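The values are calculated or read from the model by the stated rules, or taken from the named source; none is laboratory data. All of these numbers come straight from a predicted model, not from anything done at the bench. Cβ sites come from the backbone with ideal geometry, for glycine too, and all protein chains shown count toward neighbours. All accessible areas refer to the heavy atoms of the entire protein, side chains included, with ligands and DNA or RNA removed. Shrake-Rupley method; radii C 1.70, N 1.55, O 1.52, S 1.80 Å.
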Amino acid sequence: MKKIALSLFALCVYTASQAQSFDLIPLGIYGGEHEDNLSAYLVGAPNENAFFCLDAGTVNAGIRKAIELKSLNGSAEEVLKDQVKGYFVSHGHLDHLAGLIINSPADSKKDIFGIAPVLQILQNHYFITDTWINFADQGQKPILGKYHYNELKEGVETPIQNTSMFVSGYELSHVNPYKSSAALVRKGNDYLLYLGDTGADRVEKSDKLDLLWKNIAPLVKKKQLKTILIEVSFPNSQSEKLLFGHLTPNLLTEELTKLKEKTGQKNLEGLNIVVTHRKPTGDNPEIIKDELLKNNPLKVNYIFPEQGKKISLP
């Protein structure tokens, strides 16, 4: 009987671990103003203590908050140096990379992933003597070589060193023709999609989101894509002329409806949508949350992250 009980316990543990695809730890959730709480999300396999940082607007303050909430183990120095294995930078705006730059002297060797135009911004405007110093392995001398630039190309998977994950990149439009990007992260047969800042195709006069939806639709149909992290910066009251390459709740619904046309309604229902980059001005975060929850015809599962609080994704 004892052997049977142990076997059943082992089976339950195995099943539970199999059911959980990713751990997501928000280091920063907002799209402006709060310099200690700007866009940055650690994603990793459960129980591995090996994370990939999706954007890096806030790093140290977010790590300390996550340790306080017991979402991370170890000291802030240990997490930064040993547990964060690499960074994806979606675009060149400070609220998505300031934490990476500021913490670079205290960091360890690792990769920075991005599409070519984003890596060029880092190389030409940030890791230079006039603004900081070059901690990367290309660009202005002196070259310290701590970070290795790893260019992402559409549909081409790149391994994230010292993790069980892979990443590929896709272009987005953020005030066309300025380029932002999305990262598709894979672990085994499970996927997570993170989008940097993006406007709706109709407003941007672009097709970048449509192309992205075409690429991920098969994964949604197969239930392999577990979660999409996507921005909603402004409430519906914001004029489309003053969006500056961002989404509102109505525009997110408009875009997800286009995804539904490629996947079917039933396949989209229950998909986890983590709402990122809410502008913290006034009551905007709560207004955006209310507008999304009150108008959810696609029946997706909206998740509103809190800094430092771990989200265990099925």
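Computed quantities for the displayed model
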| read-out | value |
| --- | --- |
| Nonlocal amide H pairs with I128, under 5 Å, H built at 1.01 Å | I133 |
| Highest average packing first - 280-286, 98-104, Cβ atoms within 10 Å | 98-104, 280-286 |
| Stokes-Einstein diffusion coefficient of region 22-313, Kirkwood radius over Cα pairs, 37 °C, 0.692 mPa s, in µm²/s | 174 |
| Among G188, I228, P142 - extreme Cα towards positive end, dipole of region 140-257, charges at beta-carbon | G188 |
| Accessible area (Å², 1.4 Å probe, nearest 10) - E306 | 100 |
| Calculated log₁₀ intensity ratio I(q)/I(0) where the Debye formula runs over C-alpha points of region 45-186, q = 0.08 Å⁻¹ | -0.20 |
| Dipole of the chain, positive direction: furthest Cα of G270, V59, L242, with charges on the beta-carbon | G270 |
| Tensor-based shape of region 242-314 (alpha-carbon gyration tensor, a/c under 1.5 rounded, otherwise prolate or oblate) | oblate |
| With at most 13 other Cβ atoms within 10 Å, longest stretch of the chain clear of loop trypsin sites (Lys or Arg not before Pro) (DSSP) | 224-298 |
| Magnitude of the charge dipole, region 126-278, Cβ model with Lys/Arg +1 and Asp/Glu -1, debye to 20 | 460 |
| Expected-Rg normalisation [2.2 N^0.38 Å, Cα atoms] applied to region 147-219 | 1.16 |
| Nearest-20 debye value, region 81-148 charge dipole, Cβ charges on Lys, Arg, Asp, Glu | 180 |
| Residue-normalised accessible area of the chain, expressed per residue, 1.4 Å probe, Å² | 44 |
| Members of K81/K226; K208/K289; K241/K310; K146/K289; K146/K214; K146/K179 lying beyond 32 Å, as alpha-carbon distances in this model show | K241/K310; K146/K289; K146/K214 |
| Share antiparallel - DSSP beta bridges, the chain, percent rounded to 5 | 50 |
| Cα centre as origin, Lys/Arg/Asp/Glu Cβ charges: the chain dipole, Debye | 1180 |
